[in-house]
Amino acid sequence: MELSILYRGPLASCDYDCGYCPFAKRRDSPETLRADREALERFVGWVGAQAEDRINVLFTPWGEGLTRSWYRTAMVELSRLDHVGEVAIQTNLSSRTAWTAEADLGSLALWCTYHPDQVPYERFVERCTELRERGVRFSVGIVGLAEHLDAARRLRAELPADVYLWVNAAEGHTYSDREAAPWTEIDPLFPVSRFAHPSRGHACRAGETVVSVNGDGEVYRCHFVSRTDPSERLGNLYDGSYRAALRPRLCPLTECDCHIGYVHMPELGLYETFAGGVLSRIPADVPRAAEGPVLLTIRSAPAAGTRPR
């Protein structure tokens, strides 16, 4: 079996204070940090024991994980397992990168978000340069707010062409075609993020080959389908009860507006677009540094009349 796992433990603290984030500048208690570390170590041990399966892992912590040593250790240990295809984490890239020297770079990847109002531009680019020099696979992204446009343009101009710069549509913002145009120039895949995708009754790999797992090992189809409904629980990772529940499923939600959700909808063809980097958001068609920009394509555009996100 090949299974992709989105793991989110108790950690809910971050060193940034983004205005839209409820976990900004939050500090976890020592008890929460200890519980998070123990949960993560248990999860890594479980993955290590699944040698007959092919496992991919994306860490999606509420806060910033790489400032914690146990996440760096987990990334290294998982990357070295032969049966782990890809191990990635969403990060603000605020921590140092030297730890990546211990990892297997064939499977390690980072999903890095640039926050212009939280970190000096030069420091963020320095971190990106370090990653590239170390041979680490990574993508870089930014939220498509008007006040971020100049920073995004500068970043796209100065990053090598083989580093994909993605743009997330700002939550609750409707983009006119004129507003969307400059973001699409920066990220040819911005139209995928610009629109929420109708999903009720549509096929999704979530619950079949992709699952969401919390620190207790409880398994759900994805981060977005309600965890308060007992019928949505697929079982537990550690007693193996989840396996019997894995099957093709149709999405019960009206729409899906987050990359870590809609990327798993077969109708969008994004597994082909991001082949080899589905969890780290690294497209297969990113050009080599000497080739310059390239227009990436998707299988289908958002349906007419879809409500913009």
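The values are calculated or read from the model by the stated rules, or taken from the named source; none is laboratory data. Predicted model, so just to flag it, every value in this text is computed and none were measured. Counting neighbours? That spans all protein chains shown, and the Cβs are built from the backbone with ideal geometry, glycine included.
Observations on the structure shown:
- Near pairs, Cβ below 7 angstrom, 6+ apart or cross-chain, from the stretch 124-139 (of a type in the set (S, T, N, Q)) to any residue that is buried (at least 20 other Cβ atoms within 10 Å of the Cβ): SER139/TRP111; SER139/CYS112; SER139/TYR164; SER139/TRP166; SER139/SER280; SER139/ARG281; SER139/ILE282
- Cβ-Cβ distances below 7 Å connect the following pairs, each with a first residue in the stretch 270-298 that is under 15 Å from SER193 (Cα atoms), a second residue that is at pLDDT below 65, and a separation of six or more residues or different chains: LEU270/ILE298; THR273/LEU296; THR273/ILE298; PRO283/LEU296.
- The residues in the stretch 31-58 that are crowded, with 19+ Cβ neighbours inside 10 Å and either in contact with a Lys or Arg (Cβ under 7 Å, 6 or more places away or on another chain) or polar (S, T, N, Q) (or both) can be counted, and the count is 1.
- Among the residues making up the stretch 233-254, those that are over 23 Å from ASP53 (Cβ atoms), touching a strand residue (DSSP E or B) at 6+ places or on another chain (Cβ under 8 Å) and surrounded by fewer than 18 Cβ atoms within 10 Å (Cβ to Cβ) are LEU250, THR254.
- If you go through the stretch 150-162 and keep only what is touching a strand residue (DSSP E or B) at 6+ places or on another chain (Cβ under 9 Å) and more than 16 Å from ASN92 (Cα to Cα), you end up with ARG156, LEU159.
- Candidate set from the stretch 90-107 (those that are of a type outside the set (Gly, Ala, Ser) and either surrounded by fewer than 15 Cβ atoms within 10 Å (Cβ to Cβ) or touching a Ser or Thr at 6+ places or on another chain (Cβ under 7 Å) (or both)); member that is nearest to ILE282 (Cα to Cα): GLN90
- Qualifying residue in the stretch 208-217 (condition: assigned to a strand (DSSP E or B) and farther than 17 Å from CYS258 by Cα): yes
- Considering (1) in a loop (DSSP other than H, G, I, E, B); (2) among the aliphatic types (A, V, I, L, M); (3) under 19 Å from the mean Cα position of the chain (by Cα), the lone condition that ALA88 does not fulfil carries the number (1).
- Subset of the stretch 147-183 that is assigned to a strand (DSSP E or B) and of a type in the set (A, V, I, L, M) - its residue that is nearest to ARG127 (Cα to Cα): LEU165
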